[in-house]
Amino acid sequence: MAQTAREAMTGSAECVGENDSILDAAKRLAELDVGAMPICGEDDRLKGMVTDRDIVVKVLAQGKDPASTTAGELGEGKPVTIGADDSLEEALQTMTDHKVRRLPVIDGHDLIGVVSQGDLATSLPDDKAGELVKAISAGP
């Protein structure tokens, strides 16, 4: 059973560039069949996350052009992350505290992957996984 974020995470550290268009970001999300991807800066540092919901709510619903809006425009604030060697309990607590379903996994300053709610659900005991789903799904 996985014990750390590094062991539980899935996929590679693919990310959308901060200067990539939202249209390109949407295409990458569709190709990878994922709902969110990290946004990486020109300096290879994590700038945030872009989600399919962000694209709908912050771009399309606002009448912005997805071909001229950049991913970096959606990567506001400091992204919530987890260290590669942090425990799954810490990942669970971070997801619960911030009500997020995915955490970029950082090793030093490098993005090495993403741990998702699903990754934790398969790696944690059932009672802990149930607490996570309930906490994230709860209203404000």
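The values are calculated or read from the model by the stated rules, or taken from the named source; none is laboratory data. Bear in mind that the values here come from a model prediction, so they are computed numbers and not experimental data. All Cβ positions, glycine included, derive from the backbone under ideal geometry; neighbour counts span all protein chains shown.
Computed values, structure above
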quantity	calculated
Among (1) buried (at least 19 other Cβ atoms within 10 Å of the Cβ); (2) farther than 22 Å from Ser123 by Cα; (3) in contact with a Leu (Cβ under 8 Å, 6 or more places away or on another chain); (4) not aromatic (Phe, Trp, Tyr) - the single one Lys58 does not satisfy	(1)
Set Lys27, Lys58, Lys78: member being in a loop (DSSP other than H, G, I, E, B) and either under 19 Å from Val115 (Cβ atoms) or under 17 Å from the mean Cα position of the chain (by Cα) (or both)	Lys78
Inter-residue pairs, beta-carbon under 7 Å, first under 16 Å from Arg6 (Cβ atoms) and in the range 91-104, second modelled with pLDDT of 90 or more and part of a helix (DSSP H, G or I), 6+ apart	Ala91/Ala5; Leu103/Ala91; Leu103/Thr94; Leu103/Met95
Selected residue (criterion: surrounded by the most Cβ atoms within 10 Å (Cβ to Cβ)) from residues of the range 77-97 that are modelled with pLDDT of 90 or more and within 23 Å of Gly41 (Cα to Cα)	Ile82
Test: Ser68 is among the polar types (S, T, N, Q), over 30 Å from Asp127 (Cβ atoms), in contact (Cβ under 8 Å) with a residue 60 or more places away in the chain and exposed (fewer than 14 other Cβ atoms within 10 Å of the Cβ)	no
Residue list for the range 32-47, restricted to those being assigned to a strand (DSSP E or B) and out of contact with any helix residue (DSSP H, G or I) (no Cβ under 8 Å at 6 or more places or on another chain)	Pro38, Cys40, Leu46
